[in-house]
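Scroll down for the structure; my scribbles are underneath it.
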Amino acid sequence: MMLSGTNLACIRGGLPIFQDVNFAIGAGQALLVTGPNGSGKTTLLRLIAGLIRPAKGHVTLAGLDPEASIGEEAHYLAHQDAFKPSLTVAENLRFWNGFLGRAAPLEAALAAVRLDSLAGLPAAYLSAGQRRRLSLARLLAVHRPIWLLDEPTTALDAAGQALLAQIMRDHLASGGIIVGATHGPLDVGEAAVQELRLGVQSPSKAEPASRSSDPGNGTITPIAARSEPGSHPEEALSPAGDTGEDATLIQSLSAMLVRDMTIALRIGGGALMGVLFFLAVVTLIPFALGPDLALLRRVGPAVLWLGALLASLLALDRLLAVDQDDGSLDLIVTNRAPLELVVGAKAVAHWLTTGLPLVAASPLFGVLLNLEPASIGASALTLLVGTPALTFIGLIGAALAVALRRGGILLPVLVLPLTIPVLIFGVSAANAALGGPVSFGTPFTILCALTLISLVVGPFAAAATLRHMD
């Protein structure tokens, strides 16, 4: 196994971050990326993981599955912990076990980082150091040969740093690779260690030098040439050398679906808030129309659809933005499971926890609007068929909002114009159920077609947006 970068350069916001960076490390070796703040250490790690495209040069990985990307063979430990506060310690780790695969026993990973006694505690109550140790448990629970560690000692006390050092030594002894961005030394034991210094103005070629030398921008300095990996192996904290099996596609999608539904139901921001907002719309509009029951009956299907549309927008900003904020999105994008199916699973979970409750509540709200039974049934059926289209159209807007970093402000502007055809044919089908020049089947068939189109286009458009996000 050999990980190498050749003539790497990166430009962010029109400014060069680094250029002419070269490195090559093999199994059992570590590369320490050092340099002042803003020199591009985190950028280099994200570039290696495939989250950023280089302006020049390339990164290659030899000796592993030729069909797998570097991101699929690597753990990326960023400043964010990639855990959900509303889930327990064990639930967070169990999700990554199921989503990423190649999993070691959950209990062994938690015991290795001394969090086994806190397995049932919500992650929101962990200290910063405990959250960092939980991130280390992910490295142990799911085997990846390459570890990309961004300031791994952050928030760790002395005991935690000693634990990290032991974990890194065991990984290198088992033939793994570590690339770590750090401002201080990392104790990786008896391994061949190189230092890549960034942020120095005058580049020069790699040559043997001490830590205090000034080798230049993007040069590698051998720190030590110690004994071969595995000659003095430490006792493993977890079965890191056991490659296990990759998660099947069904396991990955199921893990994502269960996690998102659990979070939505646990924090109470999905079904309940959507239904309450739906009720608010349905009860306020009659006050504006006045006591004309015939008029209310005529506009009732439109009121139901408008309320469902606005209610479905409430939770769209959390569809992808929360994963971006806590670092989960980086791990999701680089996983082997097709991104189109993963974001599709997230959209399904969103609809099950927000759209489906709206459909279930619509018959009751139809009674409040003085609708006839036939109209109530037609409205509920059109909402059942049409609300998935609202969710998958919203998925595109959520991905664009994450990519453009504008959050919820931009989301309604992007989504509402795209939902107008769904709104038109949904209301038309509901009205046609009571008779008229157009039969119920015509607008209902078009509504079904719009939903099917959104089911296909939405995940692919969202995945393409996320893949091209820097």
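The numbers here are math on the coordinates, done by the rules we state, and not lab data. In this text the structure is predicted, and so the values were computed from the model without any measurement. Because the Cβ atoms are built from the backbone with ideal geometry, glycine has one as well, and the counts that use them run over all protein chains shown.
Worth a mention:
- ³J(HN,Hα) computed for each position of segment 63-69 - Karplus, 6.51 cos²θ - 1.76 cosθ + 1.60, integer Hz, glycine/proline x: x, 10, 4, x, 8, 8, 7
- Here segment 144-198 and segment 343-419 have alpha carbon centers that stand 46 Å from each other.
- Taking the average, over residues, of other Cβ atoms within 10 Å as the packing measure, peptides 413-424, 389-400 rank 389-400, 413-424 from highest down.
- Using the average count of surrounding beta-carbon atoms within 10 Å as a protection proxy, the listed peptides 75-88, 57-70 rank, highest first, as 75-88, 57-70.
- Interchain or long-range residues, amide H under 5 Å from residue 181's placed H: 33, 149, 150, 151
- Diffusion constant of the chain at 37 °C, which comes from Stokes-Einstein with the Kirkwood Cα-pair radius and 0.692 mPa s, µm²/s: 134
- Overall form of segment 91-188 per C-alpha gyration tensor (a/c, 1.5; a/b vs b/c): oblate
- Residues in segment 113-122 carry Karplus couplings, in order, of 9, 6, 10, 4, 6, 10, 4, x, 8, x Hz; the curve used is 6.51 cos²θ - 1.76 cosθ + 1.60 with θ = phi - 60°, and Gly or Pro positions show x.
- Counted residue by residue at 0.36 nm each, then reduced by the alpha carbon distance between them, the extension gain from residue 374 to residue 405 reaches 6.7 nm.
- Kyte-Doolittle mean at least 0.0, axial Cα span of 24 Å or more - DSSP H helices of the chain: 249-267, 271-289, 293-312, 373-404, 411-432, 441-467
- Using the Cβ-Cβ distance between residue 449 and residue 55 with R0 set to 41 Å, the FRET efficiency works out to roughly 0.45.
- For residue 55, the residues whose amide H sits under 5 Å from its own are 9, 10, 11, ignoring neighbours fewer than 5 places away on the same chain, with H placed 1.01 Å from N.
- Label zone at residue 261 (point 7 Å along Cα-to-Cβ), backbone N below 18 Å, segment 346-369: 346-361
- Sequence-separation-based contact order of segment 247-313, relative, with Cα cut under 8 Å and 6+ spacing, percent: 34
- Estimated 222 nm signal from helices in the chain, with DSSP H stretches of n ≥ 4 weighted -39500 (n - 2.57), rounded to 500: -16500 deg cm²/dmol
- Approximate spin-label separation residue 298-residue 456, in nm, with each point projected 7 Å along Cα-to-Cβ: 3.9
- Label-to-label distance, nm, for residues given as residue 322 and residue 7 (7 Å Cα→Cβ offset): 4.6
- Segment 34-87: C-alpha gyration tensor shape, a/c 1.5 cut-off, then a/b vs b/c: oblate
- The relative contact order of segment 2-224, computed from alpha carbon pairs under 8 Å that lie at least 6 residues apart in sequence, is 26 percent.
- Sites residue 416 and residue 68, calculated FRET efficiency, Cβ-Cβ separation with R0 41 Å, nearest 0.05: 0.55
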